[in-house]
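Notes follow the structure.
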């Protein structure tokens, strides 16, 4: 099989988890982006990117980023429903793939400092802030774990071809020190625990190879923290979908 | 085999391509055209039973060719890896591998073109049931969908 034509992120911008509206954000297209904010911030769904408010570091401890937006034009965005970094949701983010490819093994969710996909240096902060501020975490507030946390549900599409998507909340909240050691493998019809996404060290792997040439949507939740001990700046870590195809 | 501009371009971009020699002497490469589309491993080799007739598979890379003789029918592996930046839309190929399953237990020997590292790894021995990392810093693949590649143990 050839590579998939469509592999993309989509966000629930609908009324609730139970009544989702899945918005495909065609990344790689100008002004299409996910933006992070605090619910107490001054941003709105028509705030241009250049005016997007900064998030200040806390003087101690960590701050949970509790609001995400999906923008499809510079001043056209929507709040991501349930994007508050808690486990009180189930339809927030999905990875969506088409029916043109066949996976060679279970796909994976990772996060890296940038799109060169380097290894992390856990607990080490850069001199100038960048994506590694988040991915490396701090030896204090996050116990050297990445400040990006993720929980994923089941397989999205099983090896047998059945859809495998959640209908109830994940159920628990992450903390800045949440994380696994190595790969966290999903099980059918089950939420994983919260794990940190730290390059190729800590990540989530689909426990099944989804059925061949069958479209699928794999649900996951995200949480991101800002810690007092990080180096600030323009922090643009990369959320990545690693996969193989035959 | 006559190399085309497509083959040349693939190498110039730091990518690799596979080619197989069949028992009837025919050579097929992934850059061959079948009508209006590119040759496809599944549709054009697995589906018509040609994976039973592969005698040789070669991974052509910017660092030279790695050739493997194939003795058993339905024992040839082929796999690509990629990564998509979900926040930025960039998609890139990370590796391409070809290989040979050695026994009914799934032990296999592979050649890997590591696109990110621009390095060729040969004679990498692992298992289709628990495919390991060919270098530090890349995640192990785990259990492969080998039957989808046309492999029978």
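The values are calculated or read from the model by the stated rules, or taken from the named source; none is laboratory data. Here the structure is a predicted model, which means the values were calculated and not measured. Cβ coordinates were reconstructed from backbone atoms using ideal geometry, including for glycine residues, and neighbour counts include every protein chain displayed.
Which of the following residues is crowded, with 24+ Cβ neighbours inside 10 Å, under 25 Å from residue B:85 (Cβ atoms) and modelled with pLDDT under 95: A:101, A:180?
Answer to the check: A:101.
Going by what's in this entry, would residue A:84 be described as over 30 Å from residue A:160 (Cβ atoms) and either buried (at least 16 other Cβ atoms within 10 Å of the Cβ) or touching a strand residue (DSSP E or B) at 6+ places or on another chain (Cβ under 6 Å) (or both)?
Criteria met by residue A:84.
Output the number of the condition that residue A:78 fails; it satisfies all remaining conditions of (1) part of a loop (DSSP other than H, G, I, E, B); (2) closer than 22 Å to residue A:165 by Cβ.
Condition (1) is where residue A:78 drops out.
Say whether the condition of being free of Cβ contacts under 8 Å to residues at least 12 places away in the same chain, within 11 Å of chain A (Cβ to nearest Cβ) and not in a strand (DSSP E or B) is met by at least one residue in the range B:90-112.
yes
If residue A:170 meets every condition in (1) at positive phi; (2) buried (at least 22 other Cβ atoms within 10 Å of the Cβ) apart from one, which number is that one?
All conditions are met except number (1).
Mind checking which residues of the range B:34-56 are in contact with a strand residue (DSSP E or B) (Cβ under 9 Å, 6 or more places away or on another chain) and within 14 Å of another protein chain (Cβ to nearest Cβ)?
B:39, B:40, B:41, B:43, B:44, B:45, B:51, listed by residue number.
Which of the residues belonging to the range B:113-144 are surrounded by 23 or more Cβ atoms within 10 Å (Cβ to Cβ), part of a loop (DSSP other than H, G, I, E, B) and more than 9 Å from chain A (Cβ to nearest Cβ)?
B:128
Is at least one residue of the range A:129-137 surrounded by 18 or more Cβ atoms within 10 Å (Cβ to Cβ), over 18 Å from the mean Cα position of the chain (by Cα) and assigned to a loop (DSSP other than H, G, I, E, B)?
Looking for residues that are surrounded by 18 or more Cβ atoms within 10 Å (Cβ to Cβ), over 18 Å from the mean Cα position of the chain (by Cα) and assigned to a loop (DSSP other than H, G, I, E, B), one finds none in the range A:129-137, hence no.
In this structure, does residue B:147 turn out to be within 13 Å of another protein chain (Cβ to nearest Cβ) and within 22 Å of residue A:199 (Cβ to Cβ)?
Working: within 13 Å of another protein chain (Cβ to nearest Cβ): yes; within 22 Å of residue A:199 (Cβ to Cβ): no.
Answer is no for this residue.
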